[in-house]
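Student: Quick one: this structure, given as structure tokens, is what I'll be asking you about.
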Amino acid sequence: RPPAGGGPRPGAHGGGEGIAFPAVMAEAEADSGSKVFRKCAACHKLEDGANATGPHLYAVVGRDIASVPDFGYSGALASIEGDWTPEELSAFLENPKGYAPGTSMGFAGLRKVEDRADVIAYLQSVAN
């Protein structure tokens, strides 16, 4: 699914640095991801139903995009179909405004593919 502006989303099919994302994800470290998550914690909570500036991230991996009840998503995210797979999360976290032009998420992104994989592994570990 290309973004509304057309063209492939950054990082949607790889790591953004020429590294296949599934290979990086296979080596991801949840403990390192907990440190990376500190950048997210100002706006996102990990408790189920605990929305803040951003929607809660409990069980986000595998969840439908823009599906947290009672959270006011931007039209940019609400219009995207599909699930938050590790690959989709990586693409979004690499460049939120490139992935979903018009998103209200003000975060600039995580440029390092290892940081993205680690934080996704951490998010998976919280819900399991």
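Student: Being within 14 Å of Ser74 (Cβ to Cβ) and in a loop (DSSP other than H, G, I, E, B) is the filter; apply it to region 99-118 and report the residue that is most open to solvent (accessible area, probe 1.4 Å).
Tutor: Once the filter is applied, the top-ranked residue is Ser104.
Student: Let me ask something additional. Could you check Ala121 against (1) buried (at least 20 other Cβ atoms within 10 Å of the Cβ); (2) within 22 Å of Met25 (Cβ to Cβ); (3) of a type outside the set (Asp, Glu); (4) touching a Phe, Trp or Tyr at 6+ places or on another chain (Cβ under 9 Å) and say which number it fails?
Tutor: (4)
The values are calculated or read from the model by the stated rules, or taken from the named source; none is laboratory data. Here the structure is a predicted model, which is why all the values come from computation and not from measurement. Here the Cβ is made from the backbone with ideal geometry for all residues, glycine too, and neighbour counts use every protein chain on show. To get the accessible areas, we keep the full protein, side chains included, count just its heavy atoms, and leave off ligands, DNA and RNA. Shrake-Rupley method; radii C 1.70, N 1.55, O 1.52, S 1.80 Å.
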